[in-house]
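Inspection log for the structure reproduced underneath, given as structure tokens.
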Amino acid sequence: MSHAVTLAMTGASGAAYGVGLLQALLAAGCRVYLLRSAAAQVVITTELGEDWPEEEAACERYLSERFAAAPGQLSVCRKLDWFAPVASGSAAPKQMVIAPCSMGTLSAIAHGASDNLIERAADVVIKERGQLILMPRETPYSTIHLQNMLNLSQLGVTIMPASPGFYHQPDSVQALVDFMVARVLDHLGVGQQLVPRWGMAGE
């Protein structure tokens with residue numbers, strides 16, 4: 001497995017982005033640690049009509065089977081599992097994505113709260129000088145939101161709002177989701193064939 005990535009999903013709208021990214025990372029052979037907040041579970045059910053098992057081991061089996069993950073490729077972690085690899089700088093992957101990222105989670109990370117495993121995992125990536133990508137889906141942004149994003153950007157965090165482009169002439173909601181998933185994969189250095197790069201549509 002070429003990459004190890006921590007993927008977190010929180011309670012912002014846009015659950016399809018996180019699910020699409022999970023599927024793409026597993027298909028690319030990445031080792032994935034999946035974290036989800038209680039609010040994310042609600043959004044997944046509301047927006048996608050999907051009922052993921054609440055218990056982590058059951059959810060891990062369900063998602064591994066659904067996306068044909070290799071044995072041991074996917075780990076679903078409890079939100080207060082302080083013994084999970086992602087909670088320690090000595091074991092956590094150097095790359096983490098939160099998609100979608102709620103403003104509450106973004107604020108907590110900006111202020112070093114570390115009250116749950118998602119916040120702690122993000123804190124670890126920042127302190128270890130790793131790569132953290134946050135995909136907020138909110139509009140409009142308040143001054144508080146923008147200030148928190150600026151503070152994180154100055155620490156080297158990539159702020160990648162869920163703002164898909166239209167120049168590739170998307171013909172479905174899935175095509176818009178794929179656009180953002182492809183952008184994240186590009187930043188992670190994971191190969192993707194979801195969306196052609198600008199000027200390369202015919203290549």
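Every number here is computed from the coordinates shown, using simple stated rules; none is lab data. Just so it is clear, the structure is predicted and the values come from calculations on it, not from any experiment. When we count neighbours, we look across all protein chains shown, and the Cβ atoms used for this are built from the backbone with ideal geometry, even at glycine.
Over all distinct Cα pairs, what is the inverse of the mean 1/r for the chain, reported as the Kirkwood hydrodynamic radius in Å?
17.0 Å
Just how large is the dipole of region 4-188 about the Cα centre, in debye to the nearest 20, putting +1 at every Lys and Arg Cβ and -1 at every Asp and Glu Cβ?
Dipole magnitude for region 4-188 comes out near 500 debye.
Jot down the radius of gyration and Dmax of region 28-111, Cα atoms only, both in angstrom.
Using the Cα atoms of region 28-111, the pair Rg, Dmax is 13.5, 38 Å.
Taking H placed 1.01 Å from N in the peptide plane, check which residues at least 5 places from Gln95 or on another chain put their amide H under 5 Å from its amide H.
Thr6, Gln131
How many angstrom lie between the C-alpha centres of region 127-161 and region 1-78?
That distance is 22 Å.
Before anything else, pin down the relative contact order of the chain: Cα pairs under 8 Å, at least 6 apart, normalised by residue count, whole percent.
22 percent
By the scheme Lys and Arg +1, Asp and Glu -1, what is the net charge of all other residues having a beta-carbon under 15 Å from that of Pro161?
With Lys, Arg at +1 and Asp, Glu at -1, the net is +1.
Run the quick spin-label model on Ser163 and Gln73: label points 7 Å from Cα toward the beta carbon, then report their separation in nm to one decimal.
That separation, rounded to one decimal, is 3.4 nm.
Quickly rank 135-144, 87-96 as a protection proxy: mean count of other C-beta atoms within 10 Å, highest first.
Highest mean packing first, the order is 87-96, 135-144.
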